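To keep things clear, I will list the structure first and then write my remarks on it.
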Amino acid sequence: MASQRRAKLEVPQEHFQERLEYAEDIGRLIWKNGQCRGKPVGAVIKNKAGNEYRYFTLGYKGVNYNLFEHCVVWLLARGEWPEEIDHLDGDGLNNKLENLRNVTRSENNRNHRLSKNNKTTGVTGVRFYDKKSPLWQAYSYNTAEGKQIQLGNYKTLFDAVCARKSFELKNGYTERHGR
């Protein structure tokens, strides 16, 4: 199976237009022809973070391509492949065009839910740091470089959370980040 990235390079937009129709009212792709004519595409899958998306396979010249519905919706509506799609309401199954925006990976990372692994504080980017001299650490990640950014160590959880929230405001994180 070929990836979506490869499909961007090899499958012409016309092939998608011949096979699929975008139903704006429900935000879904519908098959135009073949055995599945008139049926919505895709099955729901979860990524490692537990987010749900619609995913489907489309064949072209003997190769099957694995695709996310929201990316193909963007292609059909805007005439170009998105760099990465952000679902404004956080619902990966809501593929209505007004809920989608084309963003960079860095922008999309500023809009993540709270990780399931965050059991200490319930706040993204804040953790208990040192048991000997109880400190709370505020941090973030530079996704472009793949490095952690230390925002500081604090005596109280409140101060660490304030440092992290201040960082988020200065760096364009969305209101929904970490919720």
Hz values of 3J(HN,Hα) by residue in the stretch 30-39 - Karplus curve (6.51, -1.76, 1.60), Gly and Pro given as x:
10, 5, 8, 9, x, 4, 9, 3, x, 9
Stretchable slack from K39 to E24, in nm (0.36 nm times residue separation minus alpha-carbon distance):
3.9 nm
Beyond 21 Å between alpha-carbons counts as too far, so tell me which of K46/K165; K39/K96; K46/K96; K48/K170; K48/K96; K61/K96 fall in that bin.
K46/K165; K48/K170; K48/K96; K61/K96
By the mean-Cβ-within-10 Å protection proxy, highest first, 61-74, 157-170 rank as 61-74, 157-170
Sorted by chain and then number, the residues having a modelled amide H within less than 5 Å of the amide H of L20, at least 5 places away or on another chain, are K32
What are the residues whose amide H is under 5 Å from the amide H of G59, where those residues sit 5 or more places off or on another chain and H is modelled from the backbone?
Y65
Which whole-percent values make up P(r) of the stretch 14-107 when all C-alpha to C-alpha distances are grouped in 10 Å steps starting at zero?
16, 52, 28, 4
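Any read-out appearing in this document is the output of simple, stated calculations on the displayed coordinates, not a laboratory observation. None of these values were measured; they are calculated from a predicted model. Quick reminder, even Gly has a Cβ in these numbers, built from the backbone with ideal geometry, and neighbours come from all protein chains shown.
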